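Comments concern the structure below.
The values are calculated or read from the model by the stated rules, or taken from the named source; none is laboratory data. Quick caveat: nothing in here was measured; it's all calculated off a predicted structure. Here the Cβ is made from the backbone with ideal geometry for all residues, glycine too, and neighbour counts use every protein chain on show.
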Amino acid sequence: MQVTCSNCSARYAVDPVAIGPAGRTVQCARCNHRWFEPAQTTPLPPADTVSPEGSVPDVVIRPQTPGSGLPALTHPPPKRVWRQWLAGAAVLLVILGSAAFAWRAEIAGRLPAALRPIFTLEAFRGPAAAAPKTAQARLEIDLDASKIEWIDGRYVVQGEVVNAGRAPGSTNRLRLIFRKNNDVLGERTYPLVKGPIGPGARVSFSQALDEPPSGTTDIVPAVE
């Protein structure tokens with residue numbers, strides 16, 4: 001029998017056994033168009049004879065083995081319903097989450113007191129986030145304004161203490177580190193009570209020294 005595609009007019013010579021007595025859905029091998037081909041009710045000339053239009057079918061297709069189907073006769077792929085379910089569940093979760101966030105205060109008010117911190121995420125905040133930050137003083141020596149001089153036969157360290165913090169602070173002592181290049185030769189501590197020094201303010205100091213360790217090339221001051 002001869003089968004013609006209703007979309008691209010491609011013609012096929014098909015064994016009627018492959019179509020069957022009830023007809024069958026077929027697919028064009030050229031354009032992939034699908035249609036239902038009914039069973040042949042009247043005999044046609046053999047496939048290799050010339051058709052009334054003076055031409056032969058484009059392709060001759062017969063089953064490879066008895067009872068087998070044609071390569072062009074396919075069934076639609078099964079629908080993957082589980083993907084639709086997953087997409088619907090994701091949309092539902094987004095809607096529920098948005099609603100819970102918008103009404104979080106009202107929902108938290110109806111929950112027991114033990115569950116409210118969990119719903120409001122307060123239980124997941126660290127101690128540092130829960131505790132308010134307090135302003136602190138940061139006292140340090142302005143090295144650009146400090147120097148070492150030889151006065152009356154002694155070394156004297158002169159400089160300024162500046163408060164780079166946000167709260168007033170006071171100093172208790174001056175610590176001097178004696179270095180020879182990158183090596184620490186020793187350190188000494190002297191009383192230095194200054195303050196309270198306000199944020200951004202500075203005070204001057206002067207401290208006489210005994211003979212530094214032999215070989216000292218640098219003296220690094222710090223306040224405590």
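If you go through segment 11-23 and pick out every residue that is among the aliphatic types (A, V, I, L, M) and surrounded by fewer than 17 Cβ atoms within 10 Å (Cβ to Cβ), you end up with 2.
A single member of T217, T120 is of a type in the set (S, T, Y), at pLDDT below 85 and in the same structural domain as A100 (by TED's automatic domain parsing), and it is T120. Among the residues of segment 188-206, is there at least one that is of a type outside the set (G, A, S), surrounded by 14 or more Cβ atoms within 10 Å (Cβ to Cβ), modelled with pLDDT of 90 or more and not in a strand (DSSP E or B)? Among the residues of segment 188-206, at least one is of a type outside the set (G, A, S), surrounded by 14 or more Cβ atoms within 10 Å (Cβ to Cβ), modelled with pLDDT of 90 or more and not in a strand (DSSP E or B), which makes the answer yes.
Residues of segment 210-224 that are without any contact (Cβ under 8 Å) to a residue 60 or more places away in the chain and either farther than 17 Å from L139 by Cα or exposed (fewer than 11 other Cβ atoms within 10 Å of the Cβ) (or both): D210, E211, P212, P213, S214, G215, T216, T217, D218, E224.
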